[in-house]
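Accompanying notes for the structure given below.
The values are calculated or read from the model by the stated rules, or taken from the named source; none is laboratory data. Since we're looking at a predicted model, the values are computed, not measured. A quick note on method: Cβ atoms are made from the backbone with ideal geometry, for glycine too, and the neighbour counts reach across all protein chains shown.
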Amino acid sequence: MTRRSLVVGNWKMDLSHKAEVEIVRSLKELFKGVTLEQTDVVVCPSFPSLAAVADGLKKNQKIAVGAQTVYWEEHGPVTGMVSVSQISPFVDWCLVGHSEQRAITGETDEQVAARAGLLVRHGITPVVCLGENAEEREADQSVDKVTKQMKVLIGALTRAAIAKIVIAYEPIWAISANNPGELPEGDEVAGMAVLIRKVAAGRFGSEAAEKLRVIYGGSVNEGNVDQYIEEPGIDGVLPGGASLQPRQFMEIVKKVEAAA
Ligand code: PGA
């Protein structure tokens, strides 16, 4: 089966509202010259900019909008959080379980799974981030960690949901890395993609697991993207810092489309 490729730009909290709106203008101009047949492209701005970015990209068929997280309950007395009905007019995608969110809010694997299930029920594609930290890698626990995160997630989802979610393998030690030596090799990430689909297959069978899209995130840029997307089983990338530079983001997208 062929899975569509995917590039998700995570803008984090790096830009002002004004800069987020300006980036949209540049992206629209730059992407005029890009033909996409196999690749979905998503940008994830801050909550306050979702409406403006969605409006700016409305007529653009190439770039969709995603949120950076969502609360796991539909509504209620939850000061400071954002619900699915508050993001749904603007987004078709949403990151969940990003390691920065997990670290700040103490989000558990069960809460990540609840968010993913809620998003699927609302027709929004969750991009579920998981991966080990530096100490776990050092202690040779990467496989155990990812297996556990996947089991909790898959345990909370239906078979049909598997084709509607994306897993982003983001080893925490590789996020915002300062030199290429700190990044995983392509075959290491491909091995994790095999593991991720194996856990999904354990519950729903290999046919369902083959529909699961798996992407890589952690210091992706136009210079290193090839080593990941050339591996079978890796369907795309999730750049953070590199997605803040429209031209670099476009080059990453072009490479992913070319490899599809
Ligand atoms: P980075 O961020 O590309 O800046 O490492 C990726 C992420 O945290 O999603």
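General observations
- Some residue of the range 79-88 being under 30 Å from A51 (Cα atoms), within 18 Å of the chain's Cα centre (by Cα) and surrounded by fewer than 20 Cβ atoms within 10 Å (Cβ to Cβ): yes
- Of D40, D55, all but one fail to be away from the ligand (no atom under 16 Å from the Cβ), of a type in the set (D, E) and in contact with a strand residue (DSSP E or B) (Cβ under 9 Å, 6 or more places away or on another chain); the exception is D40.
- Of all residues making up the range 87-106, the number that are out of contact with any Leu (no Cβ under 9 Å at 6 or more places or on another chain) and more than 21 Å from I167 (Cα to Cα): 0
- Close Cβ contacts (under 8 Å, 6 or more residues apart or on different chains) running from residues in the range 94-122 that are within 25 Å of A134 (Cβ to Cβ) and free of Cβ contacts under 8 Å to residues at least 40 places away in the same chain to residues that are in a helix (DSSP H, G or I) and within 12 Å of the ligand (Cβ to nearest atom) comprise E107/Q101.
- Tabulated pairs, the range 233-249, first within 7 Å of the ligand (Cβ to nearest atom), second of a type in the set (K, R), C-beta under 9 angstrom, 6+ apart or interchain: G240/K12; G241/K12
- Filter result for A168 (within 16 Å of the ligand (Cβ to nearest atom), outside any helix (DSSP H, G or I) and at pLDDT below 95): no
- Test result for E73, closer than 27 Å to R3 by Cβ and either basic (K, R) or in a loop (DSSP other than H, G, I, E, B) (or both): no
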